[in-house]
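Enquirer: Got a structure for you, written out below as structure tokens; questions coming shortly.
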Amino acid sequence: MILARGRIRTLGRTGLNPQSHLAVAGGKVVAVGGREVMALRGPRTRVVDLAGSAVLPGFNDAHAHVVYYGLTRFAADLSGARGIDDILDRLKAHAKRLKPGEWLLGMGYRTDELTERRQPNSSELDRATGDRPAFIDERGGHARVANSAALAAASITAETANPHGGRIGRNVNRAPNGLLLEAAMRLVADVQPKPAVERRIEGVLMAQELLVSRGVTSVGAAVNRGFADDLRGFERLACEGRLKVRVNEFLSWELLEASSGLGLRAGFGGAMVRAGPIKVFVDGGAERVAMRSGGGVWRTTREELRNLVATASAAGLQVAAHAIGDAAIEAMCDAVEASGGTDLRHRVEHCTICPPDLQVRLARLGMVAVMQPMAARFSRVASTIFFPVRDRADLAPHRRLMKAGVPVAFSSDLPVSPDPNPWPGIRVAVDDPVNGISLLAALRAYTAAGAYASFEEHVKGTLEPGMLADLQVYRGDPLEDEDVRWEELRPRAVLLGGARVYGSL
Ligand SMILES: [Zn+2]
């Protein structure tokens with residue numbers, strides 16, 4: 001196939017300079033340039049006249065909760081809920097679709113969007129759910145509220161101690177009030193009946209429809225409690241030829257021993273599904289981030305982190321550490337330094353509050369920052385509430401990290417960002433008055449840097465000859481259009497390995 005007369009930006013050596021023609025064969029880009037590419041045309045070559053349409057490499061969303069997002073499609077949708085009554089109404093309506101005794105889940109609300117400005121409690125949930133076990137998850141993924149039946153199923157009582165790295169919300173008499181923070185969320189997740197692999201697959205299918213419609217062709221699938229069934233689901237879809245995005249599947253820290261015992265090493269797998277980094281949580285979310293000035297939640301202690309990174313590194317496995325506060329990022333730098341290796345591209349997920357000394361260390365230790373550009377806007381607005389930083393330039397420091405030599409990969413953290421469309425984040429990163437970056441740098445953070453983070457920069461991330469033909473075609477050229485509405489921008493077609501997976505050419 002030859003894409004002709006387009007505005008093709010490879011994001012490789014030619015950067016944003018548009019080329020007009022691109023040839024694809026065997027799933028890869030074989031040539032890119034001007035009219036001379038037409039010389040490759042054979043009797044069976046399909047020539048697509050782009051008539052000035054823009055082409056970019058497919059996006060790589062380096063951190064998105066694919067399965068969790070998919071499963072939320074089967075839960076009560078609480079996004080945009082304005083108050084606790086609103087949440088209860090939605091739960092009641094959703095319960096009508098469930099079998100007797102089936103757990104009721106709700107997802108997507110945010111406390112700061114509720115008129116009450118507080119979490120609901122278990123007795124409030126009971127009013128809507130009755131005896132059916134139920135819990136609801138806040139959108140950030142770090143807080144959950146369980147009803148009385150779910151608390152009982154998990155045997156959480158006044159006597160239950162807080163688990164390490166988590167907290168059980170309590171009334172004055174110490175009785176649990178339903179709130180479960182950070183690692184305490186696991187207490188009910190562990191007793192909740194596991195969704196069947198078929199349901200996970202259905203969820204993945206819905207998630208991938210959303211992702212490809214936004215131009216995403218590769219995704220770092222952040223873990224939840226699926227483990228074997230998640231991987232099984234991705235593998236089955238890949239074998240059946242139904243997987244439309246390339247998946248770099250994170251492995252929960254609980255799988256470290258199993259993974260190294262199997263002989264898995266960083267980058268193990270194929271072009272469609274591969275074993276990604278060992279994922280570990282260092283600090284919490286929102287107001288529970290670990291700062292050098294004190295406070296926050298340590299879901300993994302410094303010592304545990306050092307042991308984990310040492311064990312993983314010795315086995316040749318990459319680690320992806322959730323670290324938002326400067327103390328958490330520092331702990332990860334210490335752990336990587338102690339492990340002695342700099343070639344495993346250990347990742348800091350979020351990397352939100354990162355002062356200059358840590359920027360330098362990340363670069364020196366060969367680490368990658370996996371960030372969410374939309375969070376830059378949020379953290380600047382909310383910085384006084386959530387992040388006690390003295391220097392605002394240390395917040396979401398995309399430009400400074402890049403200048404220091406740290407590869408920065410962008411991601412949506414779906415469903416924390418409910419829409420994985422990369423464009424609004426790209427605009428935020430470019431327009432950020434404090435740490436703004438160039439458009440080319442932002443686009444590379446959403447393409448080549450994600451490929452680098454999964455050791456695949458030699459196969460994808462640009463449209464240079466030899467690279468996989470993972471690409472997206474737009475209607476017209478959005479980069480030349482002053483009036484484009486970034487939230488609404490969608491590709492008109494997406495190709496994965498040269499095959500159409502979305503829209504039409
Ligand atoms: Zn996440």
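The values are calculated or read from the model by the stated rules, or taken from the named source; none is laboratory data. Since this is a predicted model, take the numbers as computed values, not measurements. Heads up, the Cβs are rebuilt from the backbone with ideal geometry, glycines too, and the neighbour counts pull from every protein chain shown. Accessible surface is based on the protein model in full, side chains and every heavy atom, while ligands, DNA and RNA are left aside. Shrake-Rupley method; radii C 1.70, N 1.55, O 1.52, S 1.80 Å.
Enquirer: In whole Hz, with x marking every Gly and Pro, tabulate ³J(HN,Hα) for segment 394-405 from phi via Karplus 6.51 cos²θ - 1.76 cosθ + 1.60, θ = phi - 60°.
Expert: Karplus values, whole Hz, x for Gly and Pro: 7, 8, 6, x, 3, 5, 5, 4, 5, 5, 6, x.
Enquirer: Something else about it: Would you check the accessible area of Glu488, probe 1.4 Å, heavy atoms only, in square angstrom rounded to 10?
Expert: So the heavy atoms of Glu488 present about 110 Å² to solvent.
Enquirer: For segment 77-189, rounded, prolate or oblate, judged on the Cα gyration tensor with a ≥ b ≥ c (square roots of eigenvalues), a/c < 1.5 rounded, else prolate if a/b > b/c?
Expert: Oblate shape, in that a/c is at least 1.5 and b/c is the bigger or equal ratio.
Enquirer: Tell me the net charge near Leu362. Cut-off is 15 Å between Cβ atoms, Leu362 excluded, with +1 for each Lys or Arg and -1 for each Asp or Glu.
Expert: Residues close to Leu362 contribute a combined charge of -1.
Enquirer: Now a separate question. Quick check: residue separation of Lys92 and Arg41 times 0.36 nm, minus the Cα distance between them. What number comes out in nm?
Expert: 12.3 nm
Enquirer: Sorted by average packing, counted as other Cβ atoms within 10 angstrom per residue and highest first, what order do 167-179, 394-406 take?
Expert: Descending packing order for the listed peptides: 394-406, 167-179.
Enquirer: State, as an integer percentage, the relative contact order of segment 77-189 based on alpha-carbon contacts under 8 Å between residues 6 or more apart.
Expert: 22 percent
Enquirer: In the chain, carbon and sulfur make up what percent of the accessible area (probe 1.4 Å)?
Expert: 51 percent
Enquirer: Under a straight-distance cross-link criterion of Cα-Cα below 16 Å, which aspartates and glutamates are reachable from Lys403, leaving out those fewer than 8 residues away in the same chain?
Expert: Straight-distance partners of Lys403: Asp357, Asp394, Asp432.
Enquirer: So what is the relative contact order of the chain, in percent, for Cα pairs below 8 Å that sit 6 or more residues apart?
Expert: RCO, the chain: 17 percent.
Enquirer: Could you provide, to the nearest whole Å², the per residue accessible area of segment 197-453 with probe 1.4 Å?
Expert: 35 Å²
Enquirer: Place a point 7 Å from Cα of Thr311 in the direction of its Cβ. Which residues in segment 325-341 have their backbone N less than 19 Å from it?
Expert: Within reach of a label on Thr311, which here means backbone N under 19 Å from a point 7 Å along Cα→Cβ, segment 325-341 contributes 332-341.
Enquirer: Multiplying the sequence separation of Ala196 and Asp49 by 0.36 nm and subtracting their Cα-Cα distance, what value in nm do you get?
Expert: 48.4 nm
Enquirer: Further question: Using a 1.4 angstrom probe, figure out how much accessible area segment 1-131 has per residue, in square angstrom, rounded to the nearest whole.
Expert: 46 Å²
Enquirer: Quick one: Karplus J couplings for segment 266-278, per residue in order, coefficients 6.51, -1.76, 1.60, θ = phi - 60°, nearest Hz, x for Gly and Pro?
Expert: Listing the rounded values in order: 3, x, 5, x, x, 6, 8, 10, 9, 6, x, x, 6 Hz.
Enquirer: Also, I was wondering about something else. For a 32 Å ceiling on Cα separation, which of these pairs sit above it: Lys96/Lys279; Lys279/Lys460; Lys92/Lys194; Lys96/Lys194; Lys28/Lys194?
Expert: Check vs 32 Å cut-off fails for Lys96/Lys279; Lys28/Lys194.
Enquirer: Could you sort the peptides 185-192, 202-209, 324-331 by per-residue average Cβ neighbour count (10 Å cutoff), highest mean leading?
Expert: Output ranking for 185-192, 202-209, 324-331: 324-331, 202-209, 185-192.
Enquirer: If you don't mind, another one. Give, in nm to one decimal, the length gained when the segment between Leu262 and Arg232 is fully stretched (0.36 nm per residue of separation minus the Cα-Cα distance).
Expert: 9.2 nm
Enquirer: So if R0 is 60 Å, what FRET efficiency would Asp131 and Glu487 give, r being the distance between their Cβ atoms, rounded to the nearest 0.05?
Expert: Using R0 = 60 Å, I get an efficiency of 0.90.
Enquirer: Please report the spacing between the Cα centers of segment 184-227 and segment 416-466 in Å, no decimals.
Expert: Value for the Cα centre distance between the two parts: 23 Å.
Enquirer: If you don't mind, there's one more thing I want to ask. Report the relative contact order of segment 73-141, percent, no decimals, based on alpha-carbon pairs under 8 angstrom and at least 6 residues apart.
Expert: 40 percent
Enquirer: Segment 1-63 to segment 92-132: how many Å between their Cα centroids?
Expert: The distance from the Cα centre of segment 1-63 to that of segment 92-132 comes to 50 Å.
Enquirer: Additional query: Just to be sure I understand the rule: take each whole DSSP H helix in the chain, project its Cα atoms onto its long axis, keep it if the span is 15 Å or more and its mean Kyte-Doolittle hydropathy is at least 0.5. Which ones pass?
Expert: 326-339, 373-386
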